[in-house]
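The values are calculated or read from the model by the stated rules, or taken from the named source; none is laboratory data. This is a predicted model, so every value here is computed, not measured. Glycine also receives a Cβ, built like all others from the backbone with ideal geometry; neighbour counts cover every protein chain displayed.
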Amino acid sequence: MTLHLRDTPILNFLNECNKTSLEKKILDCGAGGRNPPLAIFYRDGYETHGIEILDSQIGKAEKYAKEHDMDFNIIKGDMRKLPYENESFGFVFSHHTIFHLPKAEIALTLKEMERVLKPGGLIYVNLQSHECIGYGEGEEVREGEFIAEEHGEMVLHSYYDDDEADVYFENYDIIMKRKFNLLIAANWCNNMAMIEYIAKKK
Ligand SMILES: C[S@@+](CC[C@H](N)C(=O)[O-])C[C@H]1O[C@@H](n2cnc3c(N)ncnc32)[C@H](O)[C@@H]1O
């Protein structure tokens with residue numbers, strides 16, 4: 001498998017996960033698509049699990065898995081209501097996904113992710129900053145939440161101030177928090193200023 005600059009956040013998370021002594025069992029929320037981040041964990045010997053709402057996106061991840069002789073174990077479902085037992089994973093993450101939900105649902109989803117995470121387990125999530133170039137485009141439906149047309153579909157984006165999302169991590173120790181610009185970092189998509197968290201559940 002080929003690694004790209006865009007994989008850096010996931011590689012950083014893998015590095016933090018590998019520093020712990022927890023069982024190598026990981027859940028990806030919003031796990032589909034043609035470059036499934038679970039591949040990086042599979043390659044490193046993790047038991048991978050994913051949840052994805054769209055069949056088409058599951059299909060793309062399965063195609064990738066087949067081509068690389070991998071099996072990610074992605075099920076169809078909604079990350080806002082995770083079909084997993086409490087404290088069943090040492091590691092859980094959501095990459096480039098959660099910021100398409102309204103902020104109230106982001107809060108619920110992060111509670112779900114916290115519920116399935118073991119104490120001492122690690123979470124990774126990235127959110128969009130107010131500094132994204134797309135901020136303010138479309139109709140503001142609630143504060144910091146904009147709906148705009150993208151490729152013929154109405155898509156929601158939730159944007160955050162620098163410290164606004166810290167409240168989601170009150171039951172965690174934040175190991176890493178950074179804001180960075182994907183355009184500069186990877187030169188592969190629009191100017192997206194992301195706020196990333198890696199945190200350890202207390
Ligand atoms: C922009 S893609 C990112 C895919 C992958 N995480 C990555 O980093 O390449 C977002 C994915 O999240 C999925 N998704 C959106 N809302 C979801 C939900 N409520 N539950 C599960 N998956 C969801 C989408 O269908 C899509 O496959």
**Message:** Suppose the filter is in a loop (DSSP other than H, G, I, E, B) and more than 9 Å from the ligand (Cβ to nearest atom); does residue 119 pass it?
**Reply:** no
**Request:** Go over the candidates 99, 91 one by one and state the one that is within 10 Å of the ligand (Cβ to nearest atom), within 16 Å of the chain's Cα centre (by Cα) and not aliphatic (A, V, I, L, M).
**Result:** 99
**Prompt:** Quick check, is residue 81 within 12 Å of the ligand (Cβ to nearest atom), out of contact with any strand residue (DSSP E or B) (no Cβ under 7 Å at 6 or more places or on another chain) and more than 25 Å from residue 193 (Cα to Cα)?
**Reply:** yes
**Asked** Assuming residue 91 fulfils every condition listed in (1) out of contact with any strand residue (DSSP E or B) (no Cβ under 8 Å at 6 or more places or on another chain); (2) in a strand (DSSP E or B) apart from one, which condition is it?
**Response** (1)
**Asked** Within the range 56-72, is there a residue that is closer than 26 Å to residue 168 by Cα, within 13 Å of the ligand (Cβ to nearest atom), out of contact with any Lys or Arg (no Cβ under 9 Å at 6 or more places or on another chain) and at pLDDT 95 or above?
**Response** no
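Listed here are the residues, each with its yes/no results for (1) at pLDDT below 95; (2) among the small types (Gly, Ala, Ser); (3) more than 19 Å from the chain's Cα centre (by Cα); (4) within 18 Å of residue 30 (Cβ to Cβ).
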site: 105; (1), (2), (3), (4): no, no, no, yes
site: 114; (1), (2), (3), (4): no, no, no, yes
site: 126; (1), (2), (3), (4): no, no, no, yes
site: 142; (1), (2), (3), (4): no, no, yes, no
site: 146; (1), (2), (3), (4): no, no, yes, no
site: 191; (1), (2), (3), (4): yes, no, no, no
**Item:** Options 4, 49; residue that is within 14 Å of the ligand (Cβ to nearest atom), under 15 Å from residue 113 (Cα atoms) and either surrounded by fewer than 16 Cβ atoms within 10 Å (Cβ to Cβ) or of a type outside the set (Val, Ile, Thr) (or both)
**Value:** 49
**Asked** When residues of the range 124-178 are filtered for being part of a strand (DSSP E or B), over 13 Å from residue 100 (Cβ atoms) and not hydrophobic (A, V, I, L, M, F, W, C), how many remain?
**Response** 11
**Prompt:** Is one or more of the residues making up the range 41-53 outside any helix (DSSP H, G or I), small (Gly, Ala, Ser) and without any contact (Cβ under 8 Å) to a residue 60 or more places away in the chain?
**Reply:** yes
**Item:** For residue 26: the one exception among (1) in a helix (DSSP H, G or I); (2) in contact with a Ser or Thr (Cβ under 7 Å, 6 or more places away or on another chain)
**Value:** (1)
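To keep it simple, each residue is scored yes or no on (1) surrounded by 15 or more Cβ atoms within 10 Å (Cβ to Cβ); (2) among the aliphatic types (A, V, I, L, M); (3) out of contact with any Phe, Trp or Tyr (no Cβ under 8 Å at 6 or more places or on another chain).
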| site | (1), (2), (3) |
| --- | --- |
| 14 | yes, yes, no |
| 29 | yes, no, no |
| 33 | yes, no, yes |
| 45 | no, no, yes |
| 53 | yes, yes, yes |
**Item:** the range 9-37 - residue that is more than 12 Å from the chain's Cα centre (by Cα) and within 12 Å of the ligand (Cβ to nearest atom) and, of those, nearest to residue 76 (Cα to Cα)
**Value:** 33
**Request:** Name, by its number, the condition in (1) assigned to a loop (DSSP other than H, G, I, E, B); (2) in contact (Cβ under 8 Å) with a residue 12 or more places away in the chain; (3) exposed (fewer than 15 other Cβ atoms within 10 Å of the Cβ) that does not hold for residue 75.
**Result:** (1)
